[in-house]
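Here the structure is laid out as structure tokens; the discussion comes afterwards.
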Amino acid sequence: MSVIGSTAMRFDEEQSMLLDYARSFCADRGGLNAAREHLETPLEYSPGVWDEMVAMGWTGIGLPEELGGSGLSIGAAVPVAESLGKALMGTPLLSTLLAAQLLLRADSKAAAEVLEGIAGGDAACVAELESEDWSALPRTTVIDDAGMLQGQKRLVMDATSARWIVVTAVAGADTALAVLDATTLDDDAINPRVLIDNTHRAADITFNGVTPLAVISGASVLAALRDYRLLGALLVAAESTGAAAACLDVTVDYLKTRKQFGKLIGSYQALKHPSVDMLTMMDSARSFVYHASSLLGSEPLDKDQEVACRMAKAQATDALKFAGDRAVQFHGGMGFTWDCDAQLFIRRAQGAQQQFGDAQHHRQRLAALLLDD
Amino acid sequence: MNAAVKELEDFRREVASWLKANKPADPGFLLPQTFMEVGSEEQLEFLREWQHKVWSAGYLGMAWAKEHGGQGVDAIYQSVVDQEMRRQAVPICFNVIGLGWAGPLINDIGTEEEKQRYLKGILSAEDIWCQGFSEPDHGSDLGNARTRAERDGDDYVINGSKIWTTMGNYAKYMILLARTNPEAERKYDGLSFFLAPMTVDGVSTRPIRKLTGEYGFTETFFDNARIPADCLMGGEGAGWKIAMKTLQYERGAEAGAAGGLAFVRIVIDDLIQQLRDVTRDGKPVLEDPLIRDQLVSLIMEEKAISLGDRRSGIPALTSDYPMSLPLSNKLRWTEYARRMRQFAINAQGADGALFVGDDRAREGGFWQRAYLNSFSATIGGGTSQVQANIVAEHVLGLPK
Ligand SMILES: Cc1cc2nc3c(=O)[nH]c(=O)nc-3n(C[C@H](O)[C@H](O)[C@H](O)COP(=O)(O)OP(=O)(O)OC[C@H]3O[C@@H](n4cnc5c(N)ncnc54)[C@H](O)[C@@H]3O)c2cc1C
């Protein structure tokens, strides 16, 4: 068996329609000007945009029809995430889809009310991180003897807009999920952080004895968490791939208009060839995210799927990092300014790299998956 | 299973067992991994016999017309043959310039007479073809080629020299780019394209030794060589356009090949196998964290290229830059191959310093030879830098 493994690439009619639709919707409602409007505001999106996404059924992607979902696999979120990234849209959609996957995969019955709420348009998020080591399991957030949640979580994406918060916690000897209604938190429980990626929002959350709506524990939680992290890696990869494509467009446009020494700077090979590198890195990322999307179903992730998600993340965030980096450099003095759009991408790149594990983290896991048997 | 699928499966089985039964035994000397490495008579005769055998069995030129020596069936049958050849790692069908570029060109734009005259010999390996594009002073800048072709009665008289002519010393025909009109306003309009015999007076070749120590290409001299006027293809002044079309076959952006294994594809699995028994710091090199990180990057690179091939068949997923994948294919594969082979040597530790001919060299110096040879593909057929220019200009629309 070759170490390259599966090279499946499928794309059906339904996904194709979703892709077309997501592309034009995001191009219309998002884009660089729209992103800039929200840079220094508490929410990085307009609530109206969220309502439209809900109306299109996007929060139901990956959820079964009996819970109000679309019945599509979570893989169908890849073209949507890519389109969001291309338009640099910061909405809680990916956090919401991922929270839903975590609950669905852990125990869909215990969380049915929340899942139906999500399919109907409630935003949700997952509170997981407790230290700078993103892959550590929760240690200090606990469900105490009285069944109340105590502790603190860091850098929770989209916490400020979430209606439901899924918190990883220690319950006795187990890892558990505490499902919270955000309205039951103390007024000052959510503290927004200042992010390098100013097109997204995240906050720390303090829990001072909150009563969860539901607590899910048992073997399914660990398996669901593992899948959640892989799916998170994939959706951020898809989003980053879209952002890398937009970054390339912005850069190429500049190279075609700016003149120095009497020539368009795009004719200089010192700029041309790295632009081709941006393109090929982005192309590889697209291939990986669509490959992963082709493989995904509702079952727990198998080895091929895990490999695909990890490769997608490692490639896509490196592609975006390179693209953002070169975009700043190729804009010269302009590139160093707030007003130049290159900053949006390089900041997005640094943020995305850290979400769900950086490229090196994933290559390390891939090495074990591919080379040790 | 529908009838067509079943027929294809039966065919695959038939090819597989034919190859198994007829695959030649190890000849006891080094075989070339690409057609650019054929450098000795013994290699040549061995490969000529093999290609002839494959063709006689009906497995070459499957999509070419019957009356031209082909099989007249759908191209998918050729893909099946080629896949099985790769799977069973049989020797290459070495007449690649004929099978892959000259032949398809003649098939696509040649006259019926040209097809009759040339195609069958290409398939049977009787007529070896070479390509006379590059000149000592004009390689990447092909449009400035200087070799002259002057009309004189029923002949053209050729003067000048070509260089890096793969198999120039074995070839019976050359696809030749020559200047018929030095005064043309645009340099490109003065070029013409010939299907030129190499067996006439005034043509001579000088083998050039490669960096591996082997032979594979020649310098080719034309000294008042007279070739019949009907060797001209497509009219005077059409040379540049035809040459560019040929390069598209060569760089893989256009299909039409007669098939056969053009080169042995060394994949990452071959490398990993080797890394299991080399040690570093007293442990298998495969356990070294830095090696693992680089190795995974290489695995990803190879996988991304394979996935890209598949993705390019799904228009919805290529719409940002539809030509990106086909146009960057050569650049990506060849650069990847070069880096992967270099990595293999580095990972060998002290033994990485050995070469073919040393009895301690790992796998007989396979990786060292493969690495040095890998530049044939990052330089030949347009250098990586020139390929990058093409992608930048034609895909990203950057100015010249
Ligand atoms: C193994 C092998 C087999 C070959 N077989 C054949 C054959 O059968 N027939 C045939 O006609 N030719 C053949 N070639 C020739 C090959 O096509 C040329 O070597 C190639 O096109 C480069 O031309 P050059 O050697 O003149 O290098 P140059 O053009 O002089 O290039 C030297 C360096 O400059 C760079 N460079 C040149 N122009 C540019 C540019 N515009 N932008 C950026 N960088 C540039 C190149 O990338 C290279 O690094 C073969 C070459 C090899 C290595």
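Does B:Ala316 meet the test of being over 19 Å from B:Gln387 (Cβ atoms), of a type in the set (A, V, I, L, M) and either within 14 Å of another protein chain (Cβ to nearest Cβ) or within 23 Å of the chain's Cα centre (by Cα) (or both)?
When the stated conditions are applied, B:Ala316 passes them.
With the requirement that a residue be open to solvent by 40 Å² or more (accessible area, probe 1.4 Å) and within 8 Å of chain A (Cβ to nearest Cβ), what does the range B:299-312 give you?
Residues satisfying the conditions are B:Glu301, B:Arg310.
Looking at the range B:99-138, which of its residues are within 9 Å of the ligand (Cβ to nearest atom) and more than 17 Å from the chain's Cα centre (by Cα)?
Of everything in the range B:99-138, those that are within 9 Å of the ligand (Cβ to nearest atom) and more than 17 Å from the chain's Cα centre (by Cα) turn out to be B:Glu135, B:Pro136, B:Asp137, B:His138.
Among the residues of the range A:56-68, is there at least one that is of a type in the set (D, E, K, R) and in contact (Cβ under 8 Å) with a residue 12 or more places away in the chain?
no
Out of the residues in the range B:253-277 that are closer than 23 Å to B:Asn373 by Cα and touching a Gly at 6+ places or on another chain (Cβ under 8 Å), state the one that is surrounded by the most Cβ atoms within 10 Å (Cβ to Cβ).
This residue is B:Gly259.
Are any residues in the range B:378-398 more than 6 Å from the ligand (Cβ to nearest atom) and open to solvent by 30 Å² or more (accessible area, probe 1.4 Å), and if so, which ones?
B:Ile390, B:Glu393, B:His394, B:Gly397 - these are the residues of the range B:378-398 that are more than 6 Å from the ligand (Cβ to nearest atom) and open to solvent by 30 Å² or more (accessible area, probe 1.4 Å).
For the range A:284-373, which fully contained helices (runs of 4 or more DSSP H) count at least 3 residues that are more than 15 Å from the chain's Cα centre (by Cα), more than 13 Å from every other protein chain (Cβ to nearest Cβ) and closer than 20 Å to A:Leu271 by Cα?
Details: elements: A:303-330, A:332-335, A:342-354, A:359-371.
By residue number, A:303-330, A:332-335, A:342-354.
How many residues, within the range B:16-41, are of a type in the set (Phe, Trp, Tyr) and over 19 Å from the mean Cα position of the chain (by Cα)?
Number satisfying all stated conditions: 2.
Out of A:Gly121, A:Gly90, A:Gly57, A:Gly75, I need the residue that is small (Gly, Ala, Ser) and closer than 28 Å to A:Val215 by Cβ. Which one?
Unique residue meeting the criteria: A:Gly121.
Just name the residue that is nearest to B:Asp358 (Cα to Cα) out of those in the range B:42-78 that are among the acidic types (Asp, Glu) and within 20 Å of the chain's Cα centre (by Cα).
Within the range B:42-78, the subset among the acidic types (Asp, Glu) is B:42, B:45, B:49, B:67, B:74.
Subset that is within 20 Å of the chain's Cα centre (by Cα): B:45, B:49.
On the way: B:Glu45: 26, B:Glu49: 30 Å.
If we take residues in the range B:42-78 being among the acidic types (Asp, Glu) and within 20 Å of the chain's Cα centre (by Cα), then B:Glu45 is nearest to B:Asp358 (Cα to Cα).
Here are some conditions: (1) surrounded by fewer than 19 Cβ atoms within 10 Å (Cβ to Cβ); (2) within 12 Å of another protein chain (Cβ to nearest Cβ); (3) more than 29 Å from the chain's Cα centre (by Cα); (4) not aromatic (Phe, Trp, Tyr). B:Leu286 meets all but one. Which one does it not meet?
Tallying (1) surrounded by fewer than 19 Cβ atoms within 10 Å (Cβ to Cβ); (2) within 12 Å of another protein chain (Cβ to nearest Cβ); (3) more than 29 Å from the chain's Cα centre (by Cα); (4) not aromatic (Phe, Trp, Tyr), B:Leu286 fails exactly one: (1).
Does the range B:220-239 hold any residues that are within 30 Å of B:Asn373 (Cβ to Cβ) and either touching a Phe, Trp or Tyr at 6+ places or on another chain (Cβ under 8 Å) or more than 12 Å from the ligand (Cβ to nearest atom) (or both), and which are they?
B:Phe221, B:Phe222
Looking at the range B:100-110, can you tell me whether even one residue there is farther than 17 Å from B:Lys245 by Cβ and either assigned by the TED database to the domain that holds B:Leu30 or not in a helix (DSSP H, G or I) (or both)?
Taking every residue of the range B:100-110 in turn, none turns out to be farther than 17 Å from B:Lys245 by Cβ and either assigned by the TED database to the domain that holds B:Leu30 or not in a helix (DSSP H, G or I) (or both).
The values are calculated or read from the model by the stated rules, or taken from the named source; none is laboratory data. Quick caveat: nothing in here was measured; it's all calculated off a predicted structure. Backbone-built Cβ (ideal geometry, glycine too); neighbour counts: all protein chains shown. Heavy atoms of the whole protein, side chains included, go into the accessibility calculation; ligands, DNA and RNA do not. Shrake-Rupley method; radii C 1.70, N 1.55, O 1.52, S 1.80 Å.
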